[in-house]
Amino acid sequence: MRTFTIENTGGGTLTLTGIVGSLTGYTGAGDPPAFTIPAGGSTTFSLVCEANAEGTYDATFGFTSDDPDE
């Protein structure tokens, strides 16, 4: 399991509007990330690799948001 933190270092509320990418073989663990993060706040989420066979598994993901310059 890998845990990730999303920080909002901006001066206003950050709204995440979706997750994008390739997460084949991975599932969320625990609570999903908060989709509204206040200025100076953060949220965490975890992903677990649910491999059916031995090997290497890669994931690429990101978030869409209302941040105009990210």
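So which pairs qualify, if the first residue must be in the stretch 16-36 and under 15 Å from residue 46 (Cα atoms), the second must be at pLDDT below 70 and open to solvent by less than 60 Å² (accessible area, probe 1.4 Å), the Cβ gap must be under 9 Å, and the two must be at least 6 apart or on different chains?
If the second residue must be at pLDDT below 70 and open to solvent by less than 60 Å² (accessible area, probe 1.4 Å), the pairs left are 19/33.
Any chance you could count how many residues in the stretch 46-70 are small (Gly, Ala, Ser) and surrounded by 13 or more Cβ atoms within 10 Å (Cβ to Cβ)?
3
May I ask you to verify whether residue 60 is β-branched (Val, Ile, Thr), touching a Ser or Thr at 6+ places or on another chain (Cβ under 8 Å) and modelled with pLDDT of 90 or more?
no
Select from the stretch 7-30 the residues that are in contact with a Pro (Cβ under 9 Å, 6 or more places away or on another chain) and modelled with pLDDT under 75 and list them in ascending order.
none
The values are calculated or read from the model by the stated rules, or taken from the named source; none is laboratory data. This one's a predicted model, so the numbers in the text were calculated from it and none came from an experiment. Reconstructed Cβ throughout: ideal geometry from the backbone, glycine too, with neighbour counts over all protein chains shown. Ligands, DNA and RNA are excluded from the accessible area calculation, which covers all protein heavy atoms including side chains. Shrake-Rupley method; radii C 1.70, N 1.55, O 1.52, S 1.80 Å.
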